[in-house]
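What follows is a set of notes on a single structure, which appears directly below.
The values are calculated or read from the model by the stated rules, or taken from the named source; none is laboratory data. Predicted model only: the values in this text are computed from it and were never measured. Note that each Cβ is placed from the backbone with ideal geometry, even for glycine, and that neighbours are counted across all protein chains shown.
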Amino acid sequence: MTIGILSSGGDCPGINATIRGVAKTALTHFGMKVIGIKSGFQGLLSQDAIPLNENDLSGLLNLGGTILGTSREKPFKKILDGKSDDRSDVIINSYKQLGLDCLVCIGGNGTQKTAHKLSKLGLNIIGIPKTIDNDVWGTDATFGFYSAVDIATDAIDRLHSTASSHKRVMVIEVMGHKAGWIALYAGMAGGADVILIPELGYNQQTVNQAILDRVAKDKPYSIVVIAEQLNATEISKAIEEGTKLETRTTVLGYVQRGGSPSAFDRNLATLLGGHATELIAQGRFGRMVSWKNNAVTSIPLSEVAGKLRAVPEDHNLIIQGRRMGISFGA
Ligand code: F6P
């Protein structure tokens, strides 16, 4: 068997560990051939691909980014200049020309949606979820998430000391354009006083009051962690106006996505990569590998496509945070 592998969408720590997990298992355990496709679906459209051999797989476990490159190319773009731009025929042709028996698609929600469409067209597809945002449906975690949480937590720790020295309000925006997972996990781990996530919404008065309540308790500084979808600059301004406390904003940005994966993410990536290869060997296509109840499993792509995994309102960290007096702004 020959399997192709690509990474698509925003990068994250752990993609290379996954490529290694898939390819090493495929080459050494199952005796398959592996082809790496460059720059996501862009490379599949242009047949930009390279064979991956044992020697290409050294040094990948802790390497950030993706050796295959990535892009946000979607082969099913809807309308271009008033015309439909569906290039599924080019994709099917490339799949055949490259001699693939299966295509492994590493990516987030958008990628899994494309993977499902390709699967419906009759290609043998396996999806592997990845994103620092942790918002892929059907899996309890995506690799990259815990690495990003570590980076964001470290940033919050650092902001704490400068916030307390200057008696300031520090607003820190972390990534998560549709879901508040990083804000919740890093906010709780970093001891934030206010955590704002899109799933819960927020009331500016409530946020300002929580900060003023701290001042009344002789805690003249506060840490406010917010998810990217909410506007850090606006919130910061409204806090300063409403509390008259000096307020500063930090937008953490892409550092959260770069660099080495955490130990947990390396092992998660390795396990998911290995399981993907096992599904291929069993001929169980059209599925996304996933992490459920501390074990690897898989779920049909049809159940994943088009869905988003948001933070539930009754998440245990929210319940516990509220009990400890942390404000969630609502
Ligand atoms: O990887 C997910 C994510 O980090 C989002 O949180 C963020 O909005 C987005 O990617 C931005 O990435 P890009 O600028 O590469 O589109």
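For the reader, a short list of remarks on this structure follows.
- Gly176 vs. criteria under 25 Å from the mean Cα position of the chain (by Cα) and more than 22 Å from Gly253 (Cβ to Cβ): no
- Screening the range 76-121 for residues that are surrounded by 21 or more Cβ atoms within 10 Å (Cβ to Cβ) and in a loop (DSSP other than H, G, I, E, B) and picking the one that is farthest from the chain's Cα centre (by Cα) gives Leu100.
- Screening Thr139 on (1) closer than 18 Å to Arg284 by Cβ; (2) away from the ligand (no atom under 16 Å from the Cβ); (3) not basic (Lys, Arg) shows it passes everything except condition (2).
- Which listed residue is away from the ligand (no atom under 16 Å from the Cβ), among the aromatic types (Phe, Trp, Tyr) and in contact (Cβ under 8 Å) with a residue 60 or more places away in the chain, from Tyr146, Tyr202: Tyr202
- Each residue in the range 264-273 was checked for being buried (at least 20 other Cβ atoms within 10 Å of the Cβ) and out of contact with any Leu (no Cβ under 9 Å at 6 or more places or on another chain), and 4 of them qualify.
- Hits in the range 234-263 - residues which are away from the ligand (no atom under 16 Å from the Cβ) and surrounded by fewer than 16 Cβ atoms within 10 Å (Cβ to Cβ): Glu234, Lys237, Glu241, Lys244, Glu246, Arg248, Ala263
- Residues that are under 25 Å from the mean Cα position of the chain (by Cα) and on the phi > 0 side of the Ramachandran plot do not occur anywhere in the range 15-38.
- Test: residue in the range 189-197 that is modelled with pLDDT of 95 or more, touching a Pro at 6+ places or on another chain (Cβ under 8 Å) and not assigned by TED's automatic domain parsing to the domain that holds Phe30: no
- Tally, over the range 160-190, of residues that are under 18 Å from Tyr146 (Cβ atoms) and either surrounded by fewer than 16 Cβ atoms within 10 Å (Cβ to Cβ) or of a type in the set (D, E, K, R) (or both): 0
- Segments classed as strands (runs of 3 or more DSSP E), wholly inside the range 1-64, with at least 2 members that are surrounded by 20 or more Cβ atoms within 10 Å (Cβ to Cβ): 2-7, 33-37
- Residues of the range 201-232 that are surrounded by fewer than 18 Cβ atoms within 10 Å (Cβ to Cβ) and among the aliphatic types (A, V, I, L, M): Leu212, Val215, Ala216.
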